[in-house]
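I have placed the structure first, in the form of structure tokens, so that the comments after it can refer back to it.
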Amino acid sequence: MIYKLKVAGVERDLTLCPISERLMIAGFVMLGDTELTEACAEALCPMLPAHDVLITAEAKGIPLICAMARRLGEDRYIVARKKPKLYMKELLKCEVSSITTEGSQCLYLDGSDAELMRGKRVVIVDDVISTGQSLHALEELVKMAGGQIVAKVAVLAEGKAIERDDIRYLAPLPLFDSEGNPL
């Protein structure tokens, strides 16, 4: 089953993926889709308030935040990693359970990235906000680092996230019943 999505002037067919016996989500994947990523970055940038730092979670948000930083003339952005790397020191860590990832995982922030955010205005960037768990983990990391969150932006808000007034997004994305009907 397919859901037709139009976002930032780009149309895509999204495959519906079951996550339980009664619920499906539309698989939105920006990775590898240059046209979609660039169009979404262009549409999101005007929605941003004055800020000092952009942050996203590994991995699907990386091409989006890179395109946004390039458009904004910013030479640096921060990525919270799913696993610590050897070069990362003085780690900050937050656990997260995401709707698209089986089981819980952690997000890690390098100490030098935390220092870059300390006392700064931070914008959180994501591809899809659904349950808000990944977003919450990013918020916690920014707070641990001493940053001030000035905006939370995403390409899509899915399910109940559509009703949130603390996020900015380009388009809504419904959840679906087992027959493929939007809820």
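Key figures for this structure:
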quantity: In sequence order, calculated HN-Hα J values of the stretch 137-147 (Karplus, 6.51, -1.76, 1.60; Hz; x Gly/Pro); calculated: 4, 5, 4, 5, 5, 4, 5, 4, 7, x, x
quantity: Contact order relative to length of the stretch 1-113, as percent, for alpha carbon pairs under 8 angstrom and 6 or more apart; calculated: 16
quantity: Loop-located GluC sites (Glu not before Pro) in the stretch 47-134, at most 11 other Cβ atoms within 10 Å (DSSP); calculated: Glu90, Glu102
quantity: Accessible area of Ser20 in the full protein assembly, 1.4 Å probe (Å², nearest 10); calculated: 60
quantity: Anchor Lys83: lysines whose Cα lies under 21 Å away (excluding residues fewer than 8 positions away in-chain); calculated: Lys60, Lys93, Lys143
quantity: Asp52 - accessible surface, heavy atoms, 1.4 Å probe, Å² rounded to 10; calculated: 70
quantity: ³J(HN,Hα), Karplus 6.51/-1.76/1.60, whole Hz, each residue of the stretch 17-26, x for Gly, Pro; calculated: 10, x, 10, 7, 5, 10, 9, 10, 10, 8
quantity: For the chain, calculated [θ]222 nm from helices alone, where every DSSP H run of n ≥ 4 adds -39500 (n - 2.57); calculated: -7000 deg cm²/dmol
quantity: Amide H contacts of Ala80 (H built 1.01 Å from N, under 5 Å, at least 5 apart or other chain); calculated: Thr56, Ala57, Glu58
quantity: Highest-MSF residue in the chain out of Leu107, Leu86, Leu156 [GNM, Cα springs under 10 Å]; calculated: Leu86
quantity: Rounded Å value of the spacing that divides the Cα centres of the stretch 57-98 and the stretch 24-44; calculated: 17
quantity: Qualifying trypsin sites (Lys or Arg not before Pro) for the stretch 1-95 [loop in DSSP, other Cβ within 10 Å: at most 10]; calculated: Arg76, Lys85, Lys89
quantity: Interchain or long-range residues, amide H under 5 Å from Lys120's placed H; calculated: Gln148
quantity: Nearest 10 degrees, 0 to 90: helix 34-44 Cα axis against the chain principal axis; calculated: 70
quantity: Charge-dipole axis of the chain as Lys and Arg at +1 and Asp and Glu at -1 on Cβ define it, positive-most pick from Met144, Ala39, Ser178; calculated: Met144
quantity: Cut-off under 5 Å, modelled amide H: who pairs with Ile19 long-range; calculated: Met24, Ile25
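The values are calculated or read from the model by the stated rules, or taken from the named source; none is laboratory data. None of the values given here were measured: they were computed from a predicted structure. Cβ coordinates were reconstructed from backbone atoms using ideal geometry, including for glycine residues, and neighbour counts include every protein chain displayed. Just the protein is used for accessible areas: all its heavy atoms, side chains included, with ligands, DNA and RNA removed. Shrake-Rupley method; radii C 1.70, N 1.55, O 1.52, S 1.80 Å.
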